[in-house]
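Worksheet: one structure, shown below.
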Amino acid sequence: MPEDGPRPICLSVLAEGGLHEFFAAREADGAALGALMLMLSAGRKKGARLWVRQEAQVREAGMPCPAGLVELGANPAEVLLFRARDVATALQAGLESARCAALGAVIIELRGEARAYDLVASRRLALAARASGVPVMMARLGAPPMPSAAQTRWKAEALPSRALVAKAPGPPSFELTLLRARNGQEGLRYCVEWDRDARQFLPRSIPDAGWSARRATSLSGVVVPVPVHRSGTPDLWSRAG
């Protein structure tokens, strides 16, 4: 049985050349999933990372801008942003990209039931990732876990960041729970915070039991610094459809 409490951060199960799914623990956590996967892919394989999002998600949460990517320690020139009109377009873009060995990772966000993402579609992505060595990270927003060909499946919850000087928000923090893994390590939990300079996650302690009650009002609450696109900032998105 897995032990309670945080473990040293060792996400070796996120092997290159695999399909990995991430489910938001709460609806509000969905906005942070894309940034989480971008951070998890850092340093795993050289090459640009393709980030695919649906139009519905763009309307809901906005679009990342270069300043926000820099705050995460990412080079905006190495993050390719692709906006898809529907699930089928997002999956096709992700599949074609997963076949490109020059990429460092493929990140796909799907909102809602997304029936097109079935066993067949997930198997195609998994096979393409295995053949090219490019990790594919799939974010599911507002959807329950369903059978798929994913190598691992995770539940992700944004945690309150540790306050800095003057109670300014600290580094992005998450609790990750491994729901499914082919190596039998289901149930492992990781509480981590992002080190932008080292471009890696470091272990941190689990917040006290009362943190959720303070979540809505605390300045040092759930913060992932990916500002949405605003007037006057470059639009890096490629439209599909």
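For ARG99, the amide hydrogen comes within under 5 Å of no other amide hydrogen, counting only partners 5 or more places away or on other chains and with H modelled in the peptide plane. Cβ crowding within 10 Å ranks ASP29, ASP197, ASP86 as ASP197, ASP86, ASP29, fewest other Cβ atoms first.
What ranking of VAL120, VAL134, VAL87 emerges when the number of other C-beta atoms within 10 Å of each C-beta is taken as an exposure proxy, fewest first? Walk me through the numbers before you get to the answer.
Working: VAL120 11, VAL134 27, VAL87 20.
With the fewest neighbours first, VAL120, VAL134, VAL87 line up as VAL120, VAL87, VAL134.
Taking a virtual spin label 7 Å from the Cα of ASP86 along the C-beta vector, which residues in the stretch 100-123 bring their backbone nitrogen under 11 Å of it? It comes to 116, nothing else. As a proxy for reagent exposure, VAL192, VAL70, VAL79, VAL106 were ordered by neighbouring Cβ count within 10 angstrom, fewest first; the result is VAL70, VAL79, VAL192, VAL106.
Compactness of the stretch 19-222 was expressed as the Cα radius of gyration divided by 2.2 N^0.38 Å, which yields 0.99. Each 5 Å bin from zero up to the one holding the largest Cα-Cα distance in the stretch 35-142 carries the following percent of pairs: 2, 13, 25, 25, 20, 11, 3, 0. Distance from the Cα centroid of the stretch 61-133 to that of the stretch 188-205 is 23 Å (rounded to whole angstrom). Rounded, prolate or oblate for the stretch 64-113? Axes are the square roots of the Cα gyration tensor eigenvalues, ordered a ≥ b ≥ c, and the cut-off for rounded is a/c under 1.5. It is oblate, given that a/c is not under 1.5 and a/b is not larger than b/c.
Over the stretch 94-179, the alpha carbon radius of gyration divided by the compact-protein estimate 2.2 N^0.38 Å works out to 1.34.
Each reported figure results from applying straightforward, stated rules to the coordinates on display, with no laboratory input. The structure displayed is predicted, hence computed values, not measured ones. So basically every Cβ, Gly included, is an ideal-geometry build from the backbone, and we count neighbours across all protein chains shown.
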